[in-house]
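Asker: Just dropping this structure here.
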Amino acid sequence: SVARQKVEEAASKLASLRDSDVPDEYLYIIEDKASEVLDVSDELEDIEKKEEEKGFGYKIRLFLGLAKKAEEVEIKQLSESKDKLKNSIETLTKLIDEVPSDVAKAILKEQVENLKNQQVDIEVLIETKEKKAKGWFGVFG
């Protein structure tokens, strides 16, 4: 999905700072956050795969109210992913002021914006799943 690709892109841009003149104490934090962001990417990929596997039988179960649990589990996963992103965004935002390199500042700023957009995408996904979990949303659509 677009969301997952954007998250991966953010992680690789953050990782690219390893080759810059950013001091090690900042790199350590940046790499930690890049890894956290990649976890989110993996989680989004898992949910994407599950979405693709939801065929007609799933729609019937949804109609019968049996798929609610599955959606609730995914909503929980997505909420945890969103929290991880929030944590990464907060940490990286603080670093923007501290990092001495202008290039690094620019990359961090850009990726923080990128991750904020991904947060919004995840929120939309959560809302869609919450509607589905209620049972009557887009059952046969």
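Asker: By how many nm would the segment from Glu110 to Glu31 lengthen if fully extended, with 0.36 nm per residue of separation less the alpha-carbon distance?
Answerer: Numbers: separation 79, 0.36 × 79 = 28.44 nm, distance 1.61 nm.
Using 0.36 nm per residue and subtracting the Cα-Cα distance, I get 26.8 nm.
Asker: Once both axes come from the Cα atoms, what is the angle between helix 102-133 and the longest principal axis of the chain, in degrees from 0 to 90, rounded to 10?
Answerer: The two axes meet at around 10 degrees.
Asker: Calculate the spin-label point distance for Lys68 paired with Asp39, positioning each point 7 Å from the Cα along the beta-carbon direction, and give it in nanometres.
Answerer: 3.1 nm
Asker: What translational diffusion coefficient, to the nearest whole µm²/s, does the chain have by Stokes-Einstein, given a Kirkwood radius computed over alpha-carbon pairs, a temperature of 37 °C and 0.692 mPa s viscosity? Display every interim value, and only then the final one.
Answerer: On the way: Rh = 16.2 Å.
My calculation gives 202 µm²/s for D.
Asker: Apply 1/(1 + (r/R0)^6) to the Cβ-Cβ distance of Lys50 and Lys13, taking R0 = 25 Å, and write down the FRET efficiency to the nearest 0.05. Intermediate values should be presented prior to the final figure.
Answerer: Values: r = 28 Å, r/R0 = 1.11.
With a Förster radius of 25 Å, E is 0.35.
Asker: Hey, what do the phi angles of segment 83-90 turn into as Karplus ³J(HN,Hα) couplings, whole Hz, using 6.51/-1.76/1.60 and θ = phi - 60°, x for Gly and Pro?
Answerer: So the J values, rounded to whole Hz, are 5, 4, 4, 4, 4, 4, 4, 4.
Asker: Still on this structure: Helix 2-16 against the longest principal axis of the chain: what's the angle in degrees, Cα atoms only, rounded to the nearest 10?
Answerer: Helix 2-16 sits at roughly 20 degrees to that axis.
Asker: How many percent of the accessible area of the chain is carbon or sulfur, using a 1.4 Å probe? Could you put the intermediate results ahead of the total?
Answerer: Details: 4400 of 8200 Å².
Ligands and nucleic acids excluded, carbon and sulfur reach 54 percent.
Asker: In square angstrom, what is the accessible area per residue of the chain with a 1.4 angstrom probe? Numbers along the way, then the final one.
Answerer: Details: 8200 Å² over 141 residues.
Result: 58 Å² per residue.
Asker: If each of Ser79 and Val120 carries a label point 7 Å out from its Cα toward its Cβ, how far apart are those two points in nm?
Answerer: Here the modelled spin labels are 2.3 nm apart.
Asker: Let me ask something additional. When all C-alpha to C-alpha distances in segment 1-62 are sorted into bins of 10 Å, what percent of pairs does each bin hold, rounded to whole numbers?
Answerer: 21, 35, 22, 13, 7, 2
The values are calculated or read from the model by the stated rules, or taken from the named source; none is laboratory data. What you see is a predicted model; the values in this text were computed from it and never measured. Positions of Cβ are generated from backbone atoms using ideal geometry, with glycine treated the same way; all protein chains shown enter the neighbour counts. Accessible surface is based on the protein model in full, side chains and every heavy atom, while ligands, DNA and RNA are left aside. Shrake-Rupley method; radii C 1.70, N 1.55, O 1.52, S 1.80 Å.
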